[in-house]
Amino acid sequence: MSVAHGLRAPATDQPLDVARIRADFPILRRTVRGEQRLVYLDSGATSQKPLAVLDAEREFYVTSNAAVHRGAHQLAEEATEAYEGARAVMAAFVGGRADDLVFTRNATESLNLLAYAFVNATDKARWGSPLPDGAERFILAPGDEILITEMEHHANLVPWQEVCAKTGAVLRWVGLTDEGRLDIDRLHEVIGPRTRAVSFVHQSNLLGTVNPVQEIAAAARRVGALVFLDACQSVPHMPVDVAALDVDAVAWSGHKMLGPTGIGCLWARAEILQSMPPFISGGSMIELVTMEQSTFAEPPKRFEAGVPMVAQAVGLAAACDYLTALGMPAVAAHEHDITDYALERLVEVSGLRVIGPRDGYMRGSAISFVMDGVHPHDVGQVLDSRGIAVRVGHHCAWPACRRMGVPATTRISPYIYNDRADIDALVEALDGVGAVFGSR
Amino acid sequence: MEDLYQEIILDHYRNPQGRGLREPFEAQVHHVNPTCGDEIDLRVHVEERNGVPTVADISYEGQGCSISQASASVMYDSLVGLSAEEALASLGRFQHMIQSRGQEAGDEETMGDAVAFAGVAKYPARVKCALLPWMAWKDALARATEGAEHD
């Protein structure tokens, strides 16, 4: 079984010592809503940051702050080394080469970078403007198809709707089963010779479902489509090896994997990055500029216009180091354990229904649920009154909520600093929800 | 949390007043809260009574949290029967209270059950829930009275 596939990894590393991990996260020591212990179960939205990450960022500002890739002084040199060093660490973390990793503002921007490759290549081709070699793969004709799934986060849905609206391409999608898995048996009905790109989520942020990447990628390869993966909920939680996944590009964010906000990543195969026209243009991304026209830098710089987020990159590298020290197989094993335990305990709560897979097979730690007669927002509010932080709403996956027949859900998303006691606190608080609202 | 979930609010949530879409109506609107997915379909019926445009009925269907649902029910109780002008003044008082971050308790004399929502003002994330039906009603009223003569 391949780890990259999202299946259970053998726990080769030491099991996580949660008490010791928690000591690295000062925010988990604070109290909320009166003097209550904070039970943070919203890491799917954003993770907390260990001191090592905060220290790395501060250390950069204290000792080496300068704009990278410019300036003829020692600080500029050190800042450039810190930034490029961070790129190498992040790339190695996912099994990629540093040159194939682009730093972006967040995963949404990473996915837009891919979407705009199509829009910009199609526009430029129409005017006969210069394009990089190989850019034909991004030129769309009316009737070409982009394939996504019904469980996408809006970040991997809306940009493709925009691509279609600008190019005449058609958006298609793979539907879901009642359990909240991809209706993979019908994949062949929606994929075909007009499919130009298949973009899908590795692990659903709403349902927790882990998708069979290699199977979908193989189907895409058969029709010659590009394959893109939204890995926001997988890179932080399981070992991910971009080379083993057989996809063309992978997007994820820094802030969900213990890193700072304001930095995201796009890894893509070298050949793909080379053939992409620029997205945001300006300084740093050029090769030669005249008043009439410009030529562009090689990737990844072609896609990093302006002064980049150096301190955030340094913080993200520290987050990678922190996770590497724990061991990603151990992180995955810990999450599988807590997911199984949570699924087991949640069924004990009267009137509660899990939205998404109800067992641990091919599923991550994000667990959505609804309670009879009580709106998810109200459930979240009662939990908040007990110091338990969860997310409520449609989780930026509105169509998936509709498909599952719910207007919204309450979601827990545990991480490395959560343990069974946190799940026990959750279940105890959920038992009290009915008492507040009664039946309607 | 008791600030938020006042008994009056929970009563309206369990037994909503005026719920269901009814005829006649001059305008219907659909409003959503895009951050949480709450939705409301709302109709308004305006009638001339003694020469004054009056809110004769507000009917609605929706899905949402206890705060948004109870707020729709309280709004129905508070506004139906008032002149359009008085009803807009009530909306103004409600909005002022709920956007005060807990600084305005609201006046029970003029606001009735709506004062129970004063506690919601302390929870910024819930203010939009409480305002959803009121904003839908304001929009519907504007559409219903569009082009009508006022003076």
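The values are calculated or read from the model by the stated rules, or taken from the named source; none is laboratory data. Since the model is a prediction, treat every value here as computed from it, not as a measurement. Glycine also receives a Cβ, built like all others from the backbone with ideal geometry; neighbour counts cover every protein chain displayed. Calculation scope for accessible area: heavy atoms of the full protein, side chains included, ligands and nucleic acids excluded. Shrake-Rupley method; radii C 1.70, N 1.55, O 1.52, S 1.80 Å.
Tabulated data for the structure shown
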quantity	calculated
Yes/no for A:Gly373 being within 13 Å of chain B (Cβ to nearest Cβ) and under 21 Å from A:Arg403 (Cα atoms)	yes
Any hit, segment B:98-110, residues being part of a helix (DSSP H, G or I), open to solvent by 40 Å² or more (accessible area, probe 1.4 Å) and touching a strand residue (DSSP E or B) at 6+ places or on another chain (Cβ under 7 Å)	no
Failed item in (1) at pLDDT 95 or above; (2) over 16 Å from the mean Cα position of the chain (by Cα); (3) among the hydrophobic types (A, V, I, L, M, F, W, C), with A:Met257 passing the rest	(2)
Selection from segment A:384-400 of residues that are open to solvent by less than 10 Å² (accessible area, probe 1.4 Å) and more than 15 Å from A:Gly44 (Cβ to Cβ)	A:Gly387
Selection within segment A:351-370 - farther than 26 Å from A:Pro212 by Cβ and within 14 Å of chain B (Cβ to nearest Cβ)	A:Val370
Extreme residue, surrounded by the fewest Cβ atoms within 10 Å (Cβ to Cβ), among residues of segment B:12-49 that are at pLDDT below 95 and among the polar types (S, T, N, Q)	B:Asn15
B:Ser90 being more than 14 Å from chain A (Cβ to nearest Cβ), open to solvent by less than 10 Å² (accessible area, probe 1.4 Å) and among the polar types (S, T, N, Q)	no
Selection count, segment A:390-440, where residues are of a type outside the set (A, V, I, L, M, F, W, C) and within 14 Å of another protein chain (Cβ to nearest Cβ)	17
Where B:Glu39 falls short, out of the listed (1) among the acidic types (Asp, Glu); (2) in a loop (DSSP other than H, G, I, E, B); (3) within 16 Å of the chain's Cα centre (by Cα)	(2)
Residue in segment A:330-343 that is modelled with pLDDT of 95 or more, among the hydroxyl-bearing types (Ser, Thr, Tyr) and open to solvent by 30 Å² or more (accessible area, probe 1.4 Å) present	yes
Candidate set from segment B:93-117 (those that are without any contact (Cβ under 8 Å) to a residue 40 or more places away in the chain and among the hydrophobic types (A, V, I, L, M, F, W, C)); member that is farthest from the other protein chains (Cβ to nearest Cβ)	B:Met111
Selection count, segment A:389-428, where residues are in a helix (DSSP H, G or I) and farther than 23 Å from A:His334 by Cα	6
